[in-house]
Amino acid sequence: MSYNVTEKIREHYDIASPLYEQLWGHHIHHGYWINGDESKELAAQQLVDLLVQKSELKKGSKVLDIGCGIGGTSIFLAREFDCDVTGITISPVQVARATERAADLRNPPRFLVDDANDISVKGSFDILWSVEMIAHLNHRDQLFKRASELLEPGGKMCITDWWKAEGLSPEQEKKFILPIEKPMLSDLPTYSEYLSYIEKYGFRILYYEDISDKVAKTWDLTSELIKPKAVWNFALKHGTAFVDFLNSFKAMRAGFKSGAFRYPAMILEKM
């Protein structure tokens, strides 16, 4: 059974985005710890920096930020690299907040409501940016097809995602993966599934690294951040699904520890 239902994902992010920003900051994604003692804010920025470095992103690049959240990366790329950025998300609440946050930029990104399962944005891009979004999709094949259409030849796709390890037993799936997928509204792919899209749509892998050990600390910190009673009152106000979501943070920690849950970073190039 798939739990990555678009309408439920939209509803979740419409409700949860203000809480995410309060707890985690402008980047709603994992942190990447290099030394291990960085702040959560620096670690989140270091994940962005890793993809910028590995993709050799150039100033002035035309970027499509797919699943842009509240605009953290889009704003950074526009401000620091003078990129021409379009950010898309299925959440109108996120679009409104991202637009508000970018208002003072000289070259603000444009933020649009669009569904990554069937991207309607037109044009061509040098960089497609996809951080922790693809596991939420129920039409991943269509995303990679559109990616190949939207990228210029030699253009790059910067990805981090949530994966499950290859060859898990039914017992491992039940113990470690299902408790993540259901409350996190996701359907975790494997490396083999990715390879099928990469080969089918004319990409090649420029960089791949499993960075699970460098990002797992995210869930140690997040588990501490949600301890205040106000967070749980917020969750209770919005129903059992949101309470289940907060409870699933333990499953994320267990998934990382077991090795069943994986977190890769990769750069693809359109051939």
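Derivation of every value follows stated rules applied to the coordinates shown; laboratory data play no part. Source: prediction; values computed, not measured. As a convention, Cβ positions derive from the backbone with ideal geometry for all residues, glycine included, and neighbour counts pool all protein chains shown.
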- Using alpha-carbon positions, the gyration tensor of segment 80-156 gives root eigenvalues a ≥ b ≥ c; with a/c under 1.5 called rounded, otherwise prolate if a/b exceeds b/c, else oblate, the class is oblate
- Query: Can you list the aspartates and glutamates whose alpha carbon sits under 15 Å from that of K270, skipping same-chain ones fewer than 8 residues off?
  - Reply: E56, D126, E149, E152, E199
- Task: Please list, or write none, the aspartates and glutamates whose alpha carbon is within less than 13 Å of the alpha carbon of K182, excluding same-chain residues fewer than 8 places away.
- Result: E173, D244
- Measuring from label point to label point, each 7 Å out along Cα→Cβ, what is the N107 to K59 span in nm? 1.0 nm
- Item | Relative contact order [Cα under 8 Å, 6+ residues apart], the chain, whole percent | 21 percent
- Counting only C-alpha contacts under 8 Å and six or more residues apart, can you give the relative contact order of segment 146-271 as a whole percent? 51 percent
- Message: Only bridges whose two residues both fall in the chain count here: according to DSSP, what percent of them are antiparallel, nearest 5?
- Response: 45 percent
- Task: Kindly provide the helix-only [θ] at 222 nm of the chain, computed as the sum of -39,500 (n - 2.57) over DSSP H runs of four or more divided by all residues, to the nearest 500 deg cm²/dmol?
- Result: -13500 deg cm²/dmol
- Please label the shape of segment 1-74 as rounded, prolate or oblate, based on the square roots a ≥ b ≥ c of the eigenvalues of the alpha-carbon gyration tensor (a/c under 1.5 means rounded; beyond that, a/b larger than b/c means prolate, else oblate). oblate
- Note on the structure: Highest GNM mean-square fluctuation among L137, L23, L150, for the chain with Cα springs under 10 Å, belongs to L23
- Task: Please work out whether segment 89-205 counts as rounded, prolate or oblate from its C-alpha gyration tensor, where a ≥ b ≥ c are the square roots of the eigenvalues and a/c under 1.5 means rounded, while otherwise a/b larger than b/c means prolate and anything else oblate?
- Result: oblate
